[in-house]
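J.: Can you keep this structure in mind? I'll have questions shortly.
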Amino acid sequence: MSLLTKLPIMIEECEKACREIEAGNFAITEKIGNGENLLVHSDNLTLMKYLLEQKAMGQKINLIYIDPPFYSKANYGTERKLSSEKIGKVPSIKQKAYHDVWEEGMESYLRMLTERFFLMKELLAEDGCLWVHLDWHSVHYVKVILDEIFGEKNFINEVIWNYKSGGVSKNYFARKHDTLLFYAKSSNYYFKAQQEKSYNRDLKPYRFKGVAEFKDEVGWYTMVNMKDVWQINMVGRTSAERTGYATQKPEQLIERILESCTREGDLCADFFCGSGTLPATADRMGRRWIACDLGALAAVNTQKRMVESTKQGYTFLRESKKKEWKGNLKVKTDLRALDDSDKMKLAVTLTGYEIESILDIPVEKKQLPVIKEILSKDSLQLLDYWSIDFEYNGITYSPQLSFCKGSDSISLGCEWNTTAKGTIAIRCIDIFGNNSFQIIPIGGKDE
Ligand SMILES: C[S@@+](CC[C@H](N)C(=O)[O-])C[C@H]1O[C@@H](n2cnc3c(N)ncnc32)[C@H](O)[C@@H]1O
């Protein structure tokens, strides 16, 4: 049977299948600020079920933007360069980000998306909308599926994002656009038209009565309602927003979508968040947000990006059954009385990092000797993020301080004024995305 013939059956089967999915069990890993927004390291299917069934979030989300794998038949990763004075030159480490290879073909890919579209529709507010970011590989099939689920009449736009970067070919026209499908939940959807420049013919003034005209370094123009072809540059190598995560999208693109389809305070979600472009943009623009990704590398990238930029705070949730290798920080604490005060100064220094089973790390076998060498000579180079809660209450981990690895270094110590001995807690994420959490009684002894 051809895929075209199978589509209606497949859509029906996916609707049934998504009802059977069990909601995930999530544990709070870290709470930053008021913790209202959510960053979740999980498969989005079990998260969406959890939001619907356990958090009663049906019809609560104003905008869902997703940028899922495109059916590109490629695997994505990054090369991580570490520098160590103790080791000298360290060969770069290849990290796996995510797979976009579908051994069972287009149908299995479409099934993955279709099940999720049904749940997204339930989560969307009546005046909300869905943006699905794809390209030529699969957008034609996905458009047909979304017409069926959301209704043809709720299809609003096909936005073409045109960019310059990437390669060219001698055999076909250079592929320089992605396609974004914009669907509303109902005819009552929120939309605020944006304006853009439209240059006059010959760049000269028209002088029409009642039409405001402007001039810039290019020539004369008027302001018109924005069209559906957007020219926005990809995130360049030297751009301040670049995280190094493969397939990172520019904040300017997301900003335009949020400006058009949400108001301040609205709730936005990205269930395939990658490096966290949607949460970073939404947070900056005063929108509440939920971000989710399956990949450990995506989760740590988003965590680092958000902890450094968030104005609103968030809670980091992880699916409790997620299996990870066990990492362990070696920590030295030093508690001293402060002169003329009832307070004490607690100094915390990280002295090493161990991994229980190096074979569990998701890298190719040939990379293991490099990792072993780093672990034995300069193990803290493997840390990507750590945070510390000096007043840990045994229930919610709310760190006062957090540290991210910059281009080549991460701070390995900190101090805090405290009134009593007790317990502190430390969480760290290594460069492979593995989380470790430790509770440490303080009183000056090494742990
Ligand atoms: C194209 S990337 C997203 C890039 C993102 N828009 C950015 O700007 O960085 C797609 C992401 O979907 C994630 N992903 C794939 N399947 C998933 C699933 N079932 N649940 C959650 N995330 C998933 C991948 O790990 C990957 O990070």
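J.: I'm trying to understand the selection: among the residues of region 332-368, which are more than 18 Å from Asn434 (Cα to Cα), modelled with pLDDT of 90 or more and not charged (D, E, K, R)?
T.: Thr333, Leu346, Ala347, Val348, Thr349, Thr351
J.: Let me ask something else about it. State whether one or more residues within region 318-332 are within 16 Å of the ligand (Cβ to nearest atom) and within 23 Å of Ala240 (Cα to Cα).
T.: no
J.: On to the next question. Pairs needed: first member in region 53-77, over 20 Å from Ile290 (Cβ atoms); second member anywhere, modelled with pLDDT of 95 or more and open to solvent by less than 30 Å² (accessible area, probe 1.4 Å); C-beta distance under 6 Å; at least 6 residues apart or different chains.
T.: Close Cβ pairs (under 6 Å, with a partner that is modelled with pLDDT of 95 or more and open to solvent by less than 30 Å² (accessible area, probe 1.4 Å)) amount to Phe70/Leu134; Phe70/Asp135; Tyr71/Tyr109; Tyr71/Ser138; Ser72/Asp100; Ala74/Asp100.
J.: While we're on this one: I'd like to check something: does region 3-24 contain any residue that is in contact with a strand residue (DSSP E or B) (Cβ under 6 Å, 6 or more places away or on another chain) and surrounded by 13 or more Cβ atoms within 10 Å (Cβ to Cβ)? Break it down into steps so the answer makes sense when it comes.
T.: Residues of region 3-24 that are in contact with a strand residue (DSSP E or B) (Cβ under 6 Å, 6 or more places away or on another chain), as a first pass: 24.
Next, from what is left, pick out any that are surrounded by 13 or more Cβ atoms within 10 Å (Cβ to Cβ): 24.
Yes, the conditions are met somewhere in region 3-24.
J.: Report yes if Gly219 is more than 29 Å from Phe155 (Cβ to Cβ), surrounded by fewer than 21 Cβ atoms within 10 Å (Cβ to Cβ) and touching a residue at least 60 places away in the same chain (Cβ under 8 Å), otherwise no. Show your work before the answer.
T.: Working: more than 29 Å from Phe155 (Cβ to Cβ): yes; surrounded by fewer than 21 Cβ atoms within 10 Å (Cβ to Cβ): yes; touching a residue at least 60 places away in the same chain (Cβ under 8 Å): no.
So Gly219 does not fit the description; no.
J.: Oh, and also: Being within 27 Å of the chain's Cα centre (by Cα) and within 16 Å of the ligand (Cβ to nearest atom), is that true of even one residue in region 217-232? Can you show your working first?
T.: Filtering region 217-232 down to residues within 27 Å of the chain's Cα centre (by Cα) leaves 228-232.
Going one step further and asking which of them are within 16 Å of the ligand (Cβ to nearest atom), we end up with 230, 232.
Checked region 217-232: at least one residue is within 27 Å of the chain's Cα centre (by Cα) and within 16 Å of the ligand (Cβ to nearest atom).
J.: Checking the condition of a type outside the set (Gly, Ala, Ser) and touching a helix residue (DSSP H, G or I) at 6+ places or on another chain (Cβ under 9 Å), which residue from Met226, Met234 passes? Full working, then the answer.
T.: On the way: Met234 fails: touching a helix residue (DSSP H, G or I) at 6+ places or on another chain (Cβ under 9 Å).
Result: Met226 is the single residue among Met226, Met234 that is of a type outside the set (Gly, Ala, Ser) and touching a helix residue (DSSP H, G or I) at 6+ places or on another chain (Cβ under 9 Å).
J.: Looking only at strands (runs of 3 or more DSSP E) that lie completely in region 301-401, which have at least 2 residues being surrounded by 15 or more Cβ atoms within 10 Å (Cβ to Cβ) and in contact with a helix residue (DSSP H, G or I) (Cβ under 7 Å, 6 or more places away or on another chain)? If you could, list the steps in order and put the result at the bottom.
T.: Working: elements: 313-319, 327-337, 344-355, 383-389.
Here the list reads 313-319, 344-355, 383-389.
J.: Now a separate question. Would you mind finding the one in Lys377, Lys405, Lys372, Lys343 that is within 27 Å of the chain's Cα centre (by Cα) and either among the basic types (Lys, Arg) or not assigned by TED's automatic domain parsing to the domain that holds Thr419 (or both)?
T.: Values: Lys377 fails: within 27 Å of the chain's Cα centre (by Cα); Lys372 fails: within 27 Å of the chain's Cα centre (by Cα); Lys343 fails: within 27 Å of the chain's Cα centre (by Cα).
The unique qualifying residue is Lys405.
J.: Within region 75-90, is there a residue that is open to solvent by 40 Å² or more (accessible area, probe 1.4 Å) and either hydroxyl-bearing (Ser, Thr, Tyr) or at positive phi (or both)?
T.: Yes, there is a match, as at least one residue in region 75-90 is open to solvent by 40 Å² or more (accessible area, probe 1.4 Å) and either hydroxyl-bearing (Ser, Thr, Tyr) or at positive phi (or both).
J.: Okay, next question. Show me the strands (runs of 3 or more DSSP E) entirely contained within region 201-276 in which 3 or more residues are at pLDDT below 95. Please lay out each step first, then the result.
T.: Details: elements: 220-225, 229-231, 267-270.
So the answer is none; nothing clears 3.
J.: Can you list residue pairs whose Cβ atoms sit under 8 Å apart, with the first residue in region 32-51 being assigned by TED's automatic domain parsing to the domain that holds Pro68 and part of a loop (DSSP other than H, G, I, E, B) and the second being more than 13 Å from the ligand (Cβ to nearest atom) and open to solvent by 20 Å² or more (accessible area, probe 1.4 Å)? Count only pairs 6 or more apart in sequence or on different chains.
T.: Filtered contacts from region 32-51: Asn34/Gln312; Gly35/Ser398; Glu36/Arg288; Glu36/Gln312; Ser42/Phe26.
J.: Among the residues of region 78-89, is there at least one that is within 21 Å of Leu278 (Cα to Cα) and either of a type outside the set (Phe, Trp, Tyr) or in contact with a strand residue (DSSP E or B) (Cβ under 9 Å, 6 or more places away or on another chain) (or both)?
T.: So the first thing to find is which residues in region 78-89 are within 21 Å of Leu278 (Cα to Cα), and the list is 78.
Keeping just the survivors that are either of a type outside the set (Phe, Trp, Tyr) or in contact with a strand residue (DSSP E or B) (Cβ under 9 Å, 6 or more places away or on another chain) (or both) gives 78.
So far as region 78-89 goes, yes, one or more of its residues are within 21 Å of Leu278 (Cα to Cα) and either of a type outside the set (Phe, Trp, Tyr) or in contact with a strand residue (DSSP E or B) (Cβ under 9 Å, 6 or more places away or on another chain) (or both).
J.: Return the residues of region 43-83 that are small (Gly, Ala, Ser) and out of contact with any Leu (no Cβ under 7 Å at 6 or more places or on another chain); say none if nothing qualifies.
T.: Hits for region 43-83 are Ala56, Ser72, Ala74, Gly77, Ser83.
J.: Something else about it: Check Ala269, Ala282, Ala296 and return the single one that is within 11 Å of the ligand (Cβ to nearest atom), open to solvent by less than 40 Å² (accessible area, probe 1.4 Å), small (Gly, Ala, Ser) and under 20 Å from Val40 (Cα atoms).
T.: On the way: Ala269 fails: within 11 Å of the ligand (Cβ to nearest atom); Ala282 fails: within 11 Å of the ligand (Cβ to nearest atom).
None of the other options fit; the residue is Ala296.
J.: If you don't mind, there's one more thing I want to ask. From the list Ile145, Ile149, Ile156, Ile160, which one is among the hydrophobic types (A, V, I, L, M, F, W, C), open to solvent by 10 Å² or more (accessible area, probe 1.4 Å), under 28 Å from Ala23 (Cα atoms) and more than 16 Å from the ligand (Cβ to nearest atom)?
T.: Details: Ile145 fails: open to solvent by 10 Å² or more (accessible area, probe 1.4 Å); Ile156 fails: under 28 Å from Ala23 (Cα atoms); Ile160 fails: under 28 Å from Ala23 (Cα atoms).
The conditions single out Ile149.
J.: Scan Thr277, Thr243 and give me the residue that is within 16 Å of the ligand (Cβ to nearest atom), over 22 Å from Leu181 (Cβ atoms) and either of a type in the set (S, T, N, Q) or not assigned by TED's automatic domain parsing to the domain that holds Trp161 (or both). Give the steps one after another, and end with the answer.
T.: Details: Thr277 fails: over 22 Å from Leu181 (Cβ atoms).
Step by step, each of Thr277, Thr243 is checked, and only Thr243 is within 16 Å of the ligand (Cβ to nearest atom), over 22 Å from Leu181 (Cβ atoms) and either of a type in the set (S, T, N, Q) or not assigned by TED's automatic domain parsing to the domain that holds Trp161 (or both).
The values are calculated or read from the model by the stated rules, or taken from the named source; none is laboratory data. Computed from a predicted structure; not experimentally measured. Heads up, the Cβs are rebuilt from the backbone with ideal geometry, glycines too, and the neighbour counts pull from every protein chain shown. What goes into the accessible areas is simple: the full protein's heavy atoms, side chains included, and nothing from ligands, DNA or RNA. Shrake-Rupley method; radii C 1.70, N 1.55, O 1.52, S 1.80 Å.
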